[in-house]
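Throughout, read-outs are computed from the coordinates displayed, never taken from laboratory work. Computed from a predicted structure; not experimentally measured. For neighbour counting, all protein chains shown are included, and Cβ atoms are generated from backbone atoms with ideal geometry for every residue, glycine included.
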Amino acid sequence: MTGTIMGAADVSRVLTRIAHEIVERNDGALDVVLLGIPSRGLPLAHRLAQRIAEIEPGFDADAATGALDITMYRDDLFKNPTRAIGTTTVPDAGIDDAVVVLVDDVFHTGRTIRAALDAIRDLGRPRAVQLATLVDRGHRELPIRADYVGKNIPTARSERVDVHVEELDGEDAVILRKGE
Amino acid sequence: MRHLLSAKDLSRDDAILILDTAAQMAATQEREVRKLPTLRGKTVVNLFFEDSTRTRISFEAAAKRLSADVINFSAKGSSVSKGESLKDTALTLQAMGADAVVVRHWASGAASRLATSGWMHGSVLNAGDGTHQHPTQALLDAFTMRKHLVTDPLGNDLAGLTVAIVGDVLHSRVARSNVQLLHTLGATVVLVAPPTLVPIGIDPWPCDVVHTLDQALDAYDIDALMMLRVQRERMTGGGAAFFPSPEEYSRIYGLDGARMRRLPDHAIIMHPGPMNRGLEISAEAADSPRSVIVEQVANGVAVRMAALYLLLAGEEGAA
């Protein structure tokens with residue numbers, strides 16, 4: 001099945017559910033820090049933070065959200081054209097002893113998350129690291145799993161999953177495309 | 001980009017990409033763990049035929065922070081002092097598997113020769129060749145100016161800024177690289193030097209030339225003032241062949257406290273180092289809060305990390 005798999009309403013409902021799951025799993029959101037992986041994980045992290053702030057009034061959405069660029073930690077740097085390096089911003093309080101929730105749009109081979117785990121290691125020592133993803137499309141190449149999944153989408157390896165977000169693409173959508 | 005040989009080769013987009021990458025590299029240098037795994041398994045050779053402390057250490061620090069292996073090769077005490085040619089040295093480095101060679105040489109054009117002769121397949125970074133080019137110095141100068149003088153640095157050039165470069169332009173590869181790069185980035189460049197220290201054939205350079213520092217301070221609204229070192233070791237016949245006395249040079253071209261106070265309040269003072277305190281710059285100017293000379297050194301590491309990343313990451317063998 002190709003075409004639009006999730007629309008704006010679906011994305012919104014899923015993010016609300018994940019926000020509740022994060023709060024439930026961590027008995028509140030006191031130590032939670034959300035780190036979005038650019039480019040599309042970042043706006044998703046901000047939206048999750050806003051939703052958590054609505055559930056947990058003491059939660060400061062802006063202060064607990066950051067960006068984690070993983071370019072310099074990739075294991076395929078020498079197999080692809082040179083990538084521009086993005087910005088990494090960590091909350092002022094740092095991530096030591098925090099519960100870091102990594103936020104990405106598509107969970108696929110697990111290699112991005114492996115790189116993110118290495119990047120986190122250079123930033124501090126969180127109490128725990130959890131993973132939230134809008135879409136899990138399978139085909140893992142590493143023993144890594146997600147804690148919060150928006151939607152599982154069975155795909156063929158050759159297919160492509162494109163996530164559009166309002167902040168960057170003008171609309172919220174998850175689109176499955178046939179591969180070449 | 002495969003080599004970094006000359007500031008002239010850089011387009012505006014290339015230059016901004018390097019500066020933006022350097023900004024991200026600089027941010028990583030404020031962390032507790034400053035080492036990145038990015039260039040693990042790559043070998044960078046520092047090939048220095050001319051004395052240098054800060055450039056060599058800066059490149060070495062940059063390569064190590066990116067986890068590359070660094071081999072230092074200085075001409076003194078090596079086979080070069082036994083008469084080995086640049087070609088044979090290059091073949092040796094190729095055999096050792098150098099992915100990048102950082103070269104400093106007393107002969108203008110040495111880096112380009114190394115890059116284009118097919119002696120080795122690694123990337124070549126020019127760390128200063130004779131009186132020709134020193135592109136990473138120009139990039140770190142531009143990075144420092146952009147950080148201090150441009151409101152929203154990321155993604156932007158230096159349009160609208162006026163930069164004065166004062167002193168021994170004739171022998172200065174720093175000045176040559178800066179004139180080209182600053183022009184590419186949209187800044188206005190004014191060279192200030194005695195006629196004896198202005199190169200022949202300067203007319204086509206994209207800059208103005210004036211002959212006293214006071215004249216430059218009167219005529220231009222200077223945002224960044226870059227003092228050059230008087231390079232006596234390159235002056236055939238010593239300094240006396242180019243100006244009557246160090247005292248006179250200092251009086252007309254030196255930056256002292258009084259001249260510094262004539263600059264606009266936001267203006268910064270730069271020097272590529274090493275400084276001749278008391279000759280081209282007074283201690284008062286060098287140590288004032290407007291001086292960014294020490295910061296230039298720190299920015300040099302970030303800029304060189306960016307250059308190494310952009311040259312060495314990416315597909316093997318791709319241009």
> Reachable lysines from residue A:178, Cα under 29 Å, same-chain residues fewer than 8 places away excluded?
Replying inline: A:79, A:151
> Near residue B:64, which lysines are there with a Cα under 18 Å away, not counting those fewer than 8 places off in the same chain?
Replying inline: B:35, B:42
>> To make sure I understand, if each residue's beta carbon is the centre and we count other beta carbons within 10 Å, what order do A:15, A:134 fall in, fewest to most?
In response: A:15, A:134
>> If I take all pairs of Cα atoms in chain B, what percentage of them are more than 32 Å from each other?
In response: 27 percent
> What does the helix-only formula give at 222 nm for chain B: each DSSP H stretch with n ≥ 4 adding -39500 (n - 2.57), the total divided by the residues, and the result rounded to the nearest 500 deg cm²/dmol?
Replying inline: -11000 deg cm²/dmol
>> Between the range A:1-68 and the range B:12-54, what is the separation of their alpha carbon centroids in Å?
In response: 35 Å
> When the Kirkwood radius is taken over all Cα pairs of the protein assembly as shown, what Stokes-Einstein diffusion coefficient follows at 25 °C and 0.890 mPa s, in µm²/s?
Replying inline: 97 µm²/s
>> Students often forget the sequence filter, so: which aspartates and glutamates lie under 19 Å Cα-Cα from residue B:82 once same-chain residues fewer than 8 apart are removed?
In response: B:50, B:51
>> List the residues, sorted by chain then number, that are 5 or more residues from residue B:123 or on another chain and whose placed amide H is less than 5 Å from its amide H.
In response: B:100, B:101
> Relative to a virtual label point 7 Å from the Cα of residue A:128 in the Cα→beta-carbon direction, which members of the range A:34-74 show backbone nitrogen distances below 16 Å?
Replying inline: A:34-35
> Sorted by packing (mean other beta-carbon atoms within 10 Å per residue), highest first, where do A:108-121, B:192-205 land?
Replying inline: A:108-121, B:192-205
> Along the charge dipole of the range B:135-297, Cβ charges K/R +1 and D/E -1, which of B:179, B:276, B:220 sits furthest on the positive end?
Replying inline: B:276
> Given a Förster distance of 30 angstrom, what is the FRET efficiency for residue B:76 paired with residue B:12, based on the Cβ-Cβ distance and rounded to 0.05?
Replying inline: 0.15
> In chain A, what % of DSSP beta bridges are antiparallel (nearest 5)?
Replying inline: 30 percent
> Among rounded, prolate and oblate, which fits chain A when a ≥ b ≥ c are the square roots of the eigenvalues of its C-alpha gyration tensor, a/c under 1.5 means rounded, and a/b larger than b/c means prolate?
Replying inline: oblate
>> Just to check I understand the Karplus step: with θ = phi - 60° and J = 6.51 cos²θ - 1.76 cosθ + 1.60, what whole-Hz values come out for the range A:89-100, glycine and proline as x?
In response: 10, 10, x, 3, 6, x, 10, 4, 6, 8, 9, 8
> Taking Cα centroids, how far is the range B:218-234 from the range B:170-189 in Å?
Replying inline: 12 Å
>> Taking each residue in A:78-87, count the Cβ atoms of any other chain within 10 Å of its Cβ, then average. What number comes out?
In response: 6
> How long is the gain from residue A:111 to residue A:160 if the chain were fully straight, where each residue apart is worth 0.36 nm and the alpha carbon distance is subtracted?
Replying inline: 16.0 nm
> So for the range A:129-180, what percent of the C-alpha to C-alpha distances run longer than 15 Å?
Replying inline: 55 percent
> How big is the C-alpha Rg of the range B:49-143 next to the rule-of-thumb value 2.2 N^0.38 Å, as a ratio?
Replying inline: 1.05
> What residues qualify as long-range amide H neighbours of residue A:102, i.e. H under 5 Å apart, gap of 5 or more or another chain, H built at 1.01 Å from N?
Replying inline: A:35, A:130, A:131, A:132
> Relative contact order for chain B using alpha-carbon pairs under 8 Å, separation at least 6, rounded to a whole percent?
Replying inline: 21 percent
> Ranked by Cβ crowding within 10 angstrom, fewest neighbours first, how are A:31, B:157 ordered?
Replying inline: A:31, B:157
>> Can you give me the long-range amide H partners of residue B:74? Hydrogens built in the peptide plane at 1.01 Å from N, cutoff under 5 Å, separation of 5 or more residues or another chain.
In response: B:48
>> Nearest 500 deg cm²/dmol is fine: what mean residue ellipticity at 222 nm does chain A get from its DSSP H runs of n ≥ 4 alone, each adding -39,500 (n - 2.57), divided by its residue count?
In response: -8500 deg cm²/dmol
> How are the Cα pair distances of the range B:192-319 distributed, in percent, across 10 Å bins from 0?
Replying inline: 11, 34, 31, 16, 7, 1
> Counting DSSP beta bridges in the protein assembly as shown, what percent are antiparallel, to the nearest 5?
Replying inline: 15 percent
>> Need one value for A:112-119: mean number of C-beta atoms belonging to other chains within 10 Å of its residues' C-beta atoms.
In response: 1
>> How high is the relative contact order of the range B:135-297? Use alpha-carbon pairs under 8 Å, at least six apart in sequence, and give a whole percent.
In response: 23 percent
>> Compute, for the protein assembly as shown, the length of the dipole vector about the Cα centre, with Cβ point charges of +1 (Lys, Arg) and -1 (Asp, Glu) only. Units Debye, rounded to 20.
In response: 1600 debye
>> Taking θ = phi - 60°, what integer Hz values does the Karplus form 6.51 cos²θ - 1.76 cosθ + 1.60 yield along the range B:303-315, in sequence order, with x for Gly and Pro?
In response: 5, 6, 4, 4, 5, 5, 4, 5, 7, 9, 6, x, 4
> Got a sec to turn the phi values of the range A:148-164 into Karplus ³J(HN,Hα) couplings, 6.51 cos²θ - 1.76 cosθ + 1.60 with θ = phi - 60°, whole Hz, x for Gly and Pro?
Replying inline: 10, 10, x, 8, 7, 10, x, 9, 8, 4, 7, 6, 10, 10, 9, 9, 10
